Amino acid sequence: MVGLERTVVPLVGSEDFGVVLRTAIFSFIVTFGLVKAFSNLFAGGLADRFGRKRVLVTGWLVGVPVPFMIMLAPSWEWVVAANVLLGVNQGLAWSMTVIMKIDLVGPRGRGLAVGLNEFAGYLAVGITAWATGYLASAYGLRPEPFYLGVGYAVLGLLVSVFLVRDTGEHVRLEMESHPPEAAPLGFREVFARTSFKDRNLFACSQAGLVNNLNDGMSWGVFPLFFATFGLGVERIGILKAVYPAVWVPSRSPPAR
């Protein structure tokens, strides 16, 4: 779903809606980032309260309108609104995929689970960025490239509803066999530790912020930058695919 936008949406803003100011074009990225951040922040608590599967399905329900809103958007504000929903979709659905994989593998396999998730995710982002560029070069910026998004959203929702099982029971069994050594930390304490109290977690948070900021800027800048040099949308799609694809080896599971 994120790869769907990387090649085409900035060009839609400049060519279809005549958005000239780069800050206005970046508005859809900023909106997505802020909403996704807050969705991530509360996803874990929602999962403990309502169950992993319910949060996952909710994330996909929110994501279904996104490709339709972009392909049929009469104004740029519709694209920005679609990215509010995409932020919720990513914050809930992606977080649940990570949490549920971690639940399944237990303490010893958590690094492997997260590595597999990141590997698959960024590989799919790169492939989709290339595919949308190819479709846009053949059929135009809208609506054909976004048919992929319709397929992704419907498939993600159907798989989540009918095939995915909640993993909360795995957590309960793990806690019974490995009871925690200390009382669970509250939200404020966890937030404080990961933000500034613990040096290691602070470094991870800082690196993650810079990494995502860099990726977000490339999301909006690269298509417009390459277009000024006369590159067609198919070649822009190839370059946009290469960028997340080179991350794939670094996100791969560690050797065991």
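Here are the numbers:
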item	result
The lone exception for LEU21 - which of (1) at pLDDT 90 or above; (2) farther than 27 Å from GLU144 by Cβ it fails	(1)
Sole residue being in a loop (DSSP other than H, G, I, E, B) and of a type in the set (Gly, Ala, Ser), chosen from ALA192, ALA182	ALA182
Selection count where residues are more than 14 Å from SER14 (Cβ to Cβ), in contact with a helix residue (DSSP H, G or I) (Cβ under 8 Å, 6 or more places away or on another chain) and of a type in the set (Gly, Ala, Ser), scope segment 220-252	5
Tabulated pairs, segment 23-51, first surrounded by fewer than 16 Cβ atoms within 10 Å (Cβ to Cβ), second at pLDDT 90 or above and not in a helix (DSSP H, G or I), C-beta under 9 angstrom, 6+ apart or interchain	GLY51/ASP166
Some residue of segment 201-211 being in contact (Cβ under 8 Å) with a residue 40 or more places away in the chain, of a type in the set (A, V, I, L, M, F, W, C) and either within 24 Å of GLY87 (Cα to Cα) or surrounded by fewer than 17 Cβ atoms within 10 Å (Cβ to Cβ) (or both)	no
From ASN40, ASN89, ASN83, residue being within 23 Å of VAL233 (Cα to Cα) and either at pLDDT 90 or above or of a type in the set (D, E, K, R) (or both)	ASN83
Out of VAL125, VAL159, sole residue that is without any contact (Cβ under 8 Å) to a residue 12 or more places away in the chain and either assigned to a helix (DSSP H, G or I) or exposed (fewer than 14 other Cβ atoms within 10 Å of the Cβ) (or both)	VAL159
Residue in segment 109-116 that is touching a residue at least 40 places away in the same chain (Cβ under 8 Å), within 19 Å of THR128 (Cβ to Cβ) and surrounded by 19 or more Cβ atoms within 10 Å (Cβ to Cβ) present	no
Members of segment 83-100 that are in contact (Cβ under 8 Å) with a residue 24 or more places away in the chain and aliphatic (A, V, I, L, M)	VAL84, LEU86, VAL88, LEU92, ALA93, MET96, ILE99, MET100
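The values are calculated or read from the model by the stated rules, or taken from the named source; none is laboratory data. It should be emphasised that the depicted structure is a prediction, and the values quoted were computed from it without experimental measurement. Please note: Cβ atoms are built from the backbone with ideal geometry, for glycine as well, and neighbour counts cover all protein chains shown.
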